[in-house]
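To start, the structure itself, in structure tokens.
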Amino acid sequence: MSRALVAVAFLLMAAGGCSAQDSSVSGQDTAPFQVAVDPDPDPGMGEDAAALTPAGPLQGNWRVTRPNDPSDAAIMLVHAIHDRPLIEGSYVLYQPFCGIDLPPVQAGAETCEFDGVSADIRGEVIDTLATLIFAPGADGQDHRLVFKIEPAAGPLNGTYFAPGETEGVPVILTRAPD
């Protein structure tokens, strides 16, 4: 046991540990370096100092289906960030979107370029009517979802409009798990 103590003492002396010697090396002070901390290093960045406004009632995830679809298949999912009156977010389309103009029992057998497409979505709320715009096709044309935002918890009845269409397809938006 005494050999271990001697070895530890030797290591400490060789490494300079536990030394009560002068804390300067080559005439320089080796005291810990202290940095002055600015409480707000960049006051022009970050959140606005004003009070935050609560998110709009459409904030969250929405599942879009068609009424009277016996399989209740989602045609798309929408993630909405609702900062009144603007809406932004993202979407993903599912295979039933490809046959949205067909009766629900016939949709689902066709293939198309939209299956699995995801991208940004944008829109706005005017009074109680929301319009979401997305462009899934290679042509970049706008597709629209238009619906009343009440009741905020859903389900919400709406209409899907393909580019250039004035008569749409009825859809239902329901809250999806976050």
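The table for this structure:
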| item | result |
| --- | --- |
| Qualifying positions in segment 157-176 - among the small types (G, A, S) and not in a loop (DSSP other than H, G, I, E, B) | G158 |
| Candidate set from segment 122-172 (those that are of a type in the set (V, I, T) and surrounded by fewer than 14 Cβ atoms within 10 Å (Cβ to Cβ)); member that is farthest from R84 (Cα to Cα) | T166 |
| Qualifying positions in segment 73-115 - open to solvent by 30 Å² or more (accessible area, probe 1.4 Å) and either at pLDDT 90 or above or touching a His at 6+ places or on another chain (Cβ under 9 Å) (or both) | L77, H79, I81, D83, P85, L86, E88, S90, V92, Y94 |
| Members of segment 113-155 that are of a type in the set (A, V, I, L, M), over 20 Å from L93 (Cα atoms), within 20 Å of the chain's Cα centre (by Cα) and in a strand (DSSP E or B) | V125 |
| Residue selected from segment 44-68 under the condition charged (D, E, K, R) and modelled with pLDDT of 90 or more, by the criterion surrounded by the most Cβ atoms within 10 Å (Cβ to Cβ) | R66 |
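The values are calculated or read from the model by the stated rules, or taken from the named source; none is laboratory data. Not measured: the values here are computed from a predicted model. All Cβ positions, even for glycine, are placed from backbone atoms using ideal geometry, and neighbour counts span all protein chains on display. Side chains included, ligands, DNA and RNA excluded: accessible areas come from the protein's heavy atoms. Shrake-Rupley method; radii C 1.70, N 1.55, O 1.52, S 1.80 Å.
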